[in-house]
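The values are calculated or read from the model by the stated rules, or taken from the named source; none is laboratory data. Being a predicted model, the structure only gives us computed values, none of them experimental. Cβ placement follows ideal geometry from the backbone for every residue including glycine, while neighbour counts extend to all protein chains displayed. Note: areas computed on protein heavy atoms with side chains; ligands, DNA, RNA excluded. Shrake-Rupley method; radii C 1.70, N 1.55, O 1.52, S 1.80 Å.
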Amino acid sequence: MLRRIGVFDSGIGGLTVLRQLRAAFPELDMIYLGDVARVPYGGRSVETITRYACDDVRFLLRFGVDAIVVACGTVSSNALDVLRETFDLPIYGVIESASRLAAQLTRTGAVGVIGTQATIRSGAYQRYIAAADPQVHITARACPLLVPLVENGVEPMDPVAEMIVDRYMSPFDSENIDVMIMGCTHYPVYRPALEKRLPGVAMIDVGEALAQALRGKFGQGEGQGTTAYYATERSAAFDQVVRIMDPGVDPAAIRVENPFR
Ligand code: DGL
């Protein structure tokens, strides 16, 4: 039975996952870690991503968590197997549930995937979608500027964000997709701009897909419903980013601790 879970991301983006987990599991205690000091992970090598992810898991283990949720598409797609081999507790990533949902939802048989460079390069979403339905045609595109945009506090409908979204979405215009996986946990912030640019395309929030999948897997948990927030740094735009990510989180309640130096 679950009581306390650890949730981590390279930055503040994982709050989009935490919010979905909180809605699905109001009874659990949750510890969130955002490795703001080292964000973004998405342009780094598999080795570096794996090393950072191991640090993040060790940080959360101090709190006696029963399971870990990797609230980061980049880590889920590049380091999940190593994390599972290294640590002796259940570890869940965001790729599999979102991929299964995309394969289920598509009517045109064409699915789009967007993520960081490391996520798209790994081919993880592509593999899991193909495993769910080998007939699905997949178009995947890295959108490396979106994470720095969010982490610098650029608002969801800022014209700069809309312009960059427009550029990144152009390869999908000719692909007849009806489902798009927002394969990085920062991207739900730009969902309004994505929906405006791709009208009629169903957007999959990977945090929501995972929370629903886990809710189906676990019965009632036993925690007190508390949430503790940690970040490895208070960046310049920190308060603004937290507000954009989840207006329900008080930035002052996020403790800053960096044991990774
Ligand atoms: N939220 C992370 C993800 O889902 C952002 C990756 C990054 O740090 O570049 O991929």
Going through region 60-81 in order, the residues found to be within 21 Å of E208 (Cα to Cα), over 16 Å from the mean Cα position of the chain (by Cα) and open to solvent by less than 10 Å² (accessible area, probe 1.4 Å) are A67
Provide a single number: the residues in region 124-143 that are in contact with a Pro (Cβ under 8 Å, 6 or more places away or on another chain) and either open to solvent by 70 Å² or more (accessible area, probe 1.4 Å) or assigned to a loop (DSSP other than H, G, I, E, B) (or both). 1
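Are any residues in region 219-241 part of a helix (DSSP H, G or I) and either open to solvent by 80 Å² or more (accessible area, probe 1.4 Å) or touching a Leu at 6+ places or on another chain (Cβ under 7 Å) (or both), and if so, which ones?
Here is the first cut: in region 219-241, the ones part of a helix (DSSP H, G or I) are 238-241.
Across region 219-241, the qualifying residue is only D239.
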Matching residues, region 21-39, being within 25 Å of R141 (Cβ to Cβ) and surrounded by fewer than 24 Cβ atoms within 10 Å (Cβ to Cβ): R38
Determine the pairs where a residue that is more than 18 Å from G115 (Cα to Cα), located within region 39-62, has a partner that is open to solvent by 50 Å² or more (accessible area, probe 1.4 Å) with Cβ atoms under 7 Å apart, the partner being 6 or more residues away or on another chain. C54/T86; F59/P259
Restricting the first residue to region 235-249 and requiring it to be in contact (Cβ under 8 Å) with a residue 12 or more places away in the chain, which pairs with a second residue that is open to solvent by 10 Å² or more (accessible area, probe 1.4 Å) and among the polar types (S, T, N, Q) meet a Cβ separation below 7 Å and a spacing of at least six or different chains? A237/N152
The condition of being charged (D, E, K, R), closer than 14 Å to H137 by Cβ and open to solvent by 60 Å² or more (accessible area, probe 1.4 Å) holds, among R121, R100, R84, R107, only for R107
Which ones in region 99-138 are among the basic types (K, R), more than 18 Å from G207 (Cβ to Cβ) and away from the ligand (no atom under 15 Å from the Cβ)? R107, R127
Just a yes or no: is a residue in region 209-218 open to solvent by less than 10 Å² (accessible area, probe 1.4 Å), at pLDDT below 95 and closer than 19 Å to T16 by Cα? no
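So which helices (runs of 4 or more DSSP H) stay within region 1-98 end to end and still have 3 or more residues that are more than 10 Å from the ligand (Cβ to nearest atom) and in contact with a Phe, Trp or Tyr (Cβ under 7 Å, 6 or more places away or on another chain)?
On the way: elements: 15-24, 46-61, 73-78, 80-86.
Here the list reads 46-61.
This table checks each residue for (1) modelled with pLDDT under 95; (2) under 30 Å from A237 (Cα atoms).
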residue	(1), (2)
I120	no, yes
A124	no, no
V136	no, no
G153	yes, yes
Of the conditions (1) within 19 Å of S99 (Cβ to Cβ); (2) surrounded by 15 or more Cβ atoms within 10 Å (Cβ to Cβ), the single one that Y190 does not satisfy is (1)
